[in-house]
Structures are given as structure tokens and as C-alpha cells.
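Structure first, then comments.
The values are calculated or read from the model by the stated rules, or taken from the named source; none is laboratory data. Computed from a prediction, not measured in an experiment: that's the story for all the values here. Counting neighbours? That spans all protein chains shown, and the Cβs are built from the backbone with ideal geometry, glycine included. Remember, those area values only see protein heavy atoms, side chains included, never the ligands or the DNA or RNA. Shrake-Rupley method; radii C 1.70, N 1.55, O 1.52, S 1.80 Å.
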Amino acid sequence: MSRTGLVGGLRAPHVASLLCVAAAAGDLVAFQQRVAHGLAGALPFLLAAVVQLVAARQVWVSRGTAAALSAVLVLGLLIGSYVVAVSTGVPLGQRNRPVEAGPLLTAGLCVRLAALLVLVRSLSGRARSRAVNALFVLGTFLWTLGLTGLLG
């Protein structure tokens, strides 16, 4: 698995972009399912989809590491927000339905994780080190919240 031809001759950033688009599609489906229960509970999924589509486009067209690092940060924050929402059972929407780890959201999480791993792998040297360090900081923050009982 080389950095230039990961799948079918596509470069790793292109594969990560396609994975982001797939995760965004899942978020759009989640938005559509939740909009009937209240716009407040559905909007985070629409926002996540839009952010992922913007990140996917930037990674697809850019050859620089700035777009990939930004996408790593965005994906890390989306994954972190998912963990917080599911761990705390945040009530969203008019019927106060908590966010639950259903099959669609779990599949979206797995696709985001795959995109994150592909992007980090596509980076080299100092950029990869920065991305891994940022993810460690995010993970440590979430772990600390869980340890202190703030994540439910």
C-alpha cells in the first residue's frame, strides 16, 4: 500500500475524501431521520455533513499538507463530539430523544475513523507528527472527561 496508489490508483487523500463523502451521506440520512423530531436535534448532523463535504473537497483539490491537517482536525473533532454525545446521552430535539449509538451512526464513525487513518498515513514527517499529537491531545481530553465522570 503506497502513498501514491492506495486503492485503484487513487492517492490516499482522494480515498480519504471519498470516505468523508460517505460519512457525510450517512449524516444527511441521520439528519433526514431526525428532522421530524425537531430541528434542534437534526441540525448537528447537517452541520457535520457540510463540514465533511467542505473538508473532502479541500483534500481532493489540494496538494498541500494544510488541507490534510485541517481535515484531520475536523474529523478528530467530529469523532470526539460523537463520543461525547453518545456517552452523555445528550437530549436533542423536541421529544428529548438522546443521541444513541445506532447502526447508522456507528457506521459513520467507522468511516470517519478510516478517513482519519488514511489522511494521517498520507502525511509525512513533521505533519504526521503534528496530526498524531493533536489527536493524542483530543483523546487525552476525552479520556480525562470520562475519568472525572463528566461524560456520564
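The set of residues in segment 1-30 being more than 20 Å from Leu73 (Cα to Cα) and modelled with pLDDT of 90 or more consists of Leu28, Val29.
Only one entry in Val15, Val61 is open to solvent by 10 Å² or more (accessible area, probe 1.4 Å), on the phi < 0 side of the Ramachandran plot and free of Cβ contacts under 8 Å to residues at least 12 places away in the same chain, namely Val61.
The residues on offer are Ala101, Ala42, and the sole one that is surrounded by fewer than 17 Cβ atoms within 10 Å (Cβ to Cβ), touching a Phe, Trp or Tyr at 6+ places or on another chain (Cβ under 9 Å), of a type outside the set (Phe, Trp, Tyr) and under 21 Å from Leu28 (Cβ atoms) is Ala101.
Residues in segment 124-140 that are farther than 13 Å from Leu75 by Cβ and buried (at least 17 other Cβ atoms within 10 Å of the Cβ): Ala127, Arg128.
When Val83, Val50 are checked against the criterion of being within 15 Å of the chain's Cα centre (by Cα), open to solvent by 50 Å² or more (accessible area, probe 1.4 Å), under 21 Å from Gln33 (Cβ atoms) and modelled with pLDDT under 90, Val83 stands alone in meeting it.
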